[in-house]
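Quick note: the coordinates plus some simple rules give every number you see, no bench work behind them. Note that this is a predicted model, so its numbers are computed, not measured. Cβ atoms come from the backbone with ideal geometry, glycine included; neighbour counts cover every protein chain shown.
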């Protein structure tokens, strides 16, 4: 048995110090431990840009605790990076000297451009960036913006507008009013003015937000307005709520720490300015971070591979899936799909293919109700590269791959009628892919017309009573969903 290689990434940020320990397994990076401690280094910088002894002591204590988990690993498998606050600190040598006494690993103080590249690297390896994306990461001391596609960043920028820095400069009394909010917005807009034209010239098709700061805003939006999606309208509503509360002590958000309540006003102010200045329609949070980019740099064997393919391959290896069988299902499914009057979208096709490849993972638990076991496993797996909508669609296709179609969620990633049609074709493709050997698929030609799916069977199948019984049972199941399924035998010329 080969020794399992572990790698470690630590990000000494302006707000938190974060650690991630991962291992490479079956072509996939698996996080085995995450730890985060809020240190607020940005608040420890005085007017002369010197870190207070209290801030240094808190950070070193954190690093000492973290290092207990990996102190015997070689330096080649550990990377510790520090960003804006330590970069700004005039007494950074004091910090580095103290850190060297508690762990035998160097600290790499990186500039804003390097931080932006690592952030993009983390997102690119955990999300499928097939179209050009704008990535926004708001830290405690700076904000990084990156435009890129797949694994190639095209434009990067690092601006001195961090949430803790803005908090200390404009909201340090704990009061939120029109005056200090406007002053903060003006300062942020002045910084954004340097990069707005260049970024708008490049353009983008999707916007993703990383970092705990953006997650903080999403949590507030979801709690107050039932949706974590960031838009200009949602940010304006949240800003009005903050002005209504007027003071940090009056904020009534369940589960928010005192530090998070203090940080919220500056976070909203930065995001609102960015969304306005760059004319962003909507921004979606993603949980990738700078430390993930560091991990994927260390795991050189996993760099620049298709994220979705890598995820599916890892799961098929882990659960010993019969890949030849699933590929035959996909071929059969493709023959059905081309009959649709409305072509499948990339989201639909990627989800159908993934569902076909992963629909039998539950067999490792029990063959009885294996579709439910499979759906449970997939629902609770980290499907890197797949969007939340694709993840939900894959899970639903697998859960309802055969037997009775249970009640569906009220909100689906695609229209209800469209889902039922795709599910029907998915189920038929499984039925028609008989046998575990390389047997030819059942010769079933289908025609799709609105709510009717007509299947035309070869005369040679007239004696296959078991198959005909399955198709007849399938007809009953599908008709309960509003789709009419008809079968008839071809006439012999």
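Dividing the helix sum by the residues of the chain, where each DSSP H run of 4 or more adds -39500 (n - 2.57), gives a mean residue ellipticity at 222 nm of -14000 deg cm²/dmol. Note the angle between two axes, namely the Cα long axis of helix 388-399 and the longest principal axis of the Cα atoms of the chain, as a number of degrees from 0 to 90, rounded to the nearest 10. It is inclined by approximately 30 degrees.
Under the simplified labelling scheme, the residue 172-residue 30 pair shows an inter-label distance of 4.9 nm, with each label point 7 Å from Cα along Cα→Cβ. Look at the alpha carbon pairs under 8 Å that are at least 6 residues apart: their mean separation over the length of the chain gives a relative contact order of 13 percent. Ordering of 371-378, 350-357 by packing is 350-357, 371-378, highest average first (other Cβ atoms within 10 Å, averaged per residue). From the coordinates of this entry, Rg/Rh (Cα atoms, Kirkwood Rh) is computed, and it appears in (i) 1.61; (ii) 1.05; (iii) 0.96 under the label (ii). For region 42-156, relative contact order (Cα pairs under 8 Å, six or more residues apart, normalised by length) works out to 22 percent.
Residue 205 to residue 447: FRET efficiency via 1/(1 + (r/R0)^6), r the Cβ-Cβ distance, R0 35 Å, to the nearest 0.05? Show your work: numbers first, answer last.
Values: r = 35 Å, r/R0 = 1.01.
Approximately 0.50, to the nearest 0.05.
Considering all different alpha carbon pairs of region 307-489, the Kirkwood hydrodynamic radius works out to 16.7 Å.
Distance between the C-alpha centres of region 82-104 and region 135-196: 24 Å, rounded to the whole angstrom.
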